[in-house]
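The values are calculated or read from the model by the stated rules, or taken from the named source; none is laboratory data. Keep in mind it's a predicted model, so treat the numbers as computed, not measured. Because the Cβ atoms are built from the backbone with ideal geometry, glycine has one as well, and the counts that use them run over all protein chains shown. For accessibility, only protein heavy atoms count, side chains too; no ligands or nucleic acids. Shrake-Rupley method; radii C 1.70, N 1.55, O 1.52, S 1.80 Å.
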Amino acid sequence: MIQFARKLKGILEKAGKADSATVDALIAQARSQHRPLSELVVKQGLVSERELLALVGAAANIPPIDIDRVAVNTEILSDVPAEVAHQFRVFPVDKIGNLLTIAVANPFDVLKLDDLRLRTRCELRPVLSTEEAIERRIAAAYKSDRESIEEMMSELGESGDIELKEGATDDENMDLAAISDEASPVVKIVNKLISDACGAGVSDIHIEPAEKRVIVRYRRDGRLVEVMSLPKAMQNNLTSRLKIMAKLDIAEKQRPQDGKFQMRMGRKAIDFRVSILPVVWGEKTVLRILDSSNLALDLSSLGFEEKSMSDYRWAIERPYGMILVTGPTGSGKSTTLYSAVRHIADPEINLVTVEDPVEYTLDGINQVPVNPKRGLTFAGALRSILRQDPDVVLLGEIRDTETLEIAVKAALTGHLVLSTLHTNDAVSTVTRMVDMGMDPFMVASSTILICAQRLVRQLCTHCKRPADIPRTALHTAGLSDEDIDGPEVQMFEAVGCNRCNNGYKGRFALLETLRMTDRVKRAVVERANVQDIKEIALEEGMLTLRRCALLNFLRGRTSLEEVERSTMCD
């Protein structure tokens, strides 16, 4: 926005349409109101919309276009999903071969155009429009997704009874782009649900049977949102289709089942984990979307606080010991561990992982999938791995005492062991390990770092607004006067717009790190309680999850409500 504002200021001044002071005032107003500068320029009467497009188009050497008169080419909407269109503020106009004509509001942002070129895998031919017109066309064009689903459902008739056979899962049908016009309506609907979810950055799809309908919900930015209600008559067909895709037993309806499949979207392969669970009104299906292109494997891209990142880097570069990352399901533990594995990986070391299941495949790393049905448990796999001369071992999860004992012994005998546990914070992990039967001395000797992780929703940069929060509420949240009166404090609150999810867009990770220093080890061996260990860690500089969240709130990255929701007060 700053770059475009400067360019537009120069264009208007050169054309004699406004002086510097007038444009500077409009730039300040645009920033404070989170509105496009071009919109304010037109509303102030400095130029008409047509004149503005002509001036900017001449400066950027690209043609302007009246986007409202352009017919929507529905075939190319899949090349630029709604999420991408909103994120980059562009609208696909036409496509010939690999050349995509795209309407843009800011033709000077070459970095954004380069990113878009990578996302679409097309050569771009930009044409010029205004931001407001582009947003109108996006809203009008992509809202038809719901209508297309309804058209598919109408093909089913009143009963929705369509026979599904295993032959429907030939390899070519697992490519979304290969679905033909003659494909079953159920197949089309399933693929449409998957395509929409992937385009919107969804992490899970929930298909839930109710008494008189089937509810479809997407988990986006950690929150479930109902997106669709389908006829009850479609329930069995939807479940059967997904079972076939995941190679599960269609006839079995009374036991839970788990499977996986892969689909291609363009040139990108996306993996799906499928879980089927019998409930009162039928079988509930949950699809976990595993898109490796969204996996941040570079440590610096994780965005942790400097102290937390320093502790984590120090630990993963040790030659031996145990590192534990704790937190609830879906808190980003796997991403954090994979990033460490990628950082450590080297042709000179033997790095092995044991996972249930293997979520993302990594080149050059030996990954072992657990299979309890065939007797391959975490403990059994770990025993075998230790006979394979490993240097680094990643355990997907420590679930029982046997696995914990082997992991501790491995850490004590010259191996670097990384794993996860389900606990609320870093300090309570120590007592959890003792409760599982480990001697406190063994815990203190083997463990070098314990982390606790959470994902927090990030405020939408387009609609967030400054927050006026009473000082007493800030104190109650855990902030001091020194924090509140800091020189760079920016406090914002969620608003909500058509580009975000109720004021939030995306998530970032918080990491609490408990480094096993001599004082902490001594307290663990002496069986000190959780609070005593925590006080020692805080004295030595540990940042709690709450403190990490509050620091990001003070930077304007998230809201105080989100801090309260996602972390406990210390």
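Side notes on the structure shown:
- For the pair Val110 and Ser384 in one chain, pulling the backbone fully straight at 0.36 nm per residue adds 93.4 nm over the alpha carbon distance.
- Contact order for the chain, expressed relative to its length and based on alpha carbon pairs under 8 Å spaced 6+ residues apart, stands at 9 percent.
- Equivalent ellipsoid dimensions for segment 208-357 as semi-axes, Å, which come from the Cα gyration tensor, largest first: 38, 17, 15
- For segment 428-570, the equivalent ellipsoid built from the Cα gyration tensor has semi-axes of 35, 17, 11 Å, listed from largest to smallest.
- Using the alpha-carbon positions of segment 386-453, Rg (one decimal) and Dmax (whole number) come out as 11.4, 34 Å.
- 19 Å reach of a label modelled at Leu538, 7 Å along Cα-to-Cβ, counting backbone N of segment 477-511: 477-484, 511
- Rounded FRET efficiency, nearest 0.05, which uses the C-beta distance separating Ala251 from Lys212 and R0 of 30 Å: 0.75
- Computed with a 1.4 Å probe over protein heavy atoms only, the accessible surface of the chain comes to 48 Å² per residue.
- Cα-Cα pairs of segment 356-401 separated by more than 12 Å (percent): 65
- In segment 414-479, a dipole from Cβ-located charges (positive for Lys and Arg, negative for Asp and Glu) runs towards its positive end, and of Thr429, Ala452, His475 it is His475 whose Cα lies farthest in that direction.
- Within the accessible area of the chain (1.4 Å probe), percent carbon and sulfur: 47
- Taking 0.36 nm per residue of sequence separation and removing the Cα-Cα distance, the Thr517/Asn371 pair yields an extension gain of 48.8 nm.
- Taking the Cα centre of the chain as reference, the dipole from Cβ charges on Lys and Arg (+1) and Asp and Glu (-1) amounts to some 380 debye.
- Cα Rg over Rh - segment 327-467, Kirkwood: 1.03
- Counting only alpha carbon atoms, the long axis of helix 426-435 and the longest principal axis of the chain meet at about 30°.
- Bridging of Lys243 to lysines at a Cα separation below 24 Å is possible for Lys165, Lys188, Lys192, Lys212, Lys232, Lys253, Lys260, Lys268, Lys284, Lys373, once same-chain residues fewer than 8 apart are set aside.
- Evaluated on segment 268-366, the Kirkwood hydrodynamic radius is 15.8 Å, with distances taken between all distinct Cα atoms.
- Projected label distance in nm at Ile484 and Val70, using a 7 Å step from Cα toward the beta-carbon: 5.0
- In percent, rounded to a whole number, the relative contact order of segment 83-129 is 38, using alpha-carbon pairs under 8 Å and six or more apart.
- In this simple spin-label model, placing a label point 7 Å from the Cα along the Cα-to-Cβ direction at both Asp439 and Leu118 gives a separation of 5.2 nm.
- Pairwise Cα inverse-distance average, inverted: Kirkwood Rh of segment 13-137 (Å): 15.4
- Set of lysines near Lys464 by C-alpha distance (under 20 Å), chain-local residues within fewer than 8 positions excluded: Lys505
- Among the trypsin sites (Lys or Arg not before Pro) within segment 176-283, those in coil by DSSP and having at most 11 neighbouring Cβ atoms inside 10 Å are Lys212, Arg267.
- Put the Cα centre of segment 315-342 next to the Cα centre of segment 98-113 and the gap is 38 Å.
- Euclidean distance of C-alpha centroids, segment 419-488 and segment 19-48, integer Å: 42
- GluC sites (Glu not before Pro) within segment 444-496, DSSP loop, no more than 11 other Cβ atoms inside 10 Å: Glu488
- Relative contact order, whole percent, for segment 222-374 stands at 13, derived from Cα pairs under 8 Å and 6 or more residues apart.
- Straight Cα distances below 29 angstrom link Lys17 to the lysines Lys7, Lys9, Lys43, Lys112, with same-chain residues fewer than 8 positions distant left out.
- Looking at the chain, the DSSP beta bridges with both ends there are about 65 percent antiparallel.
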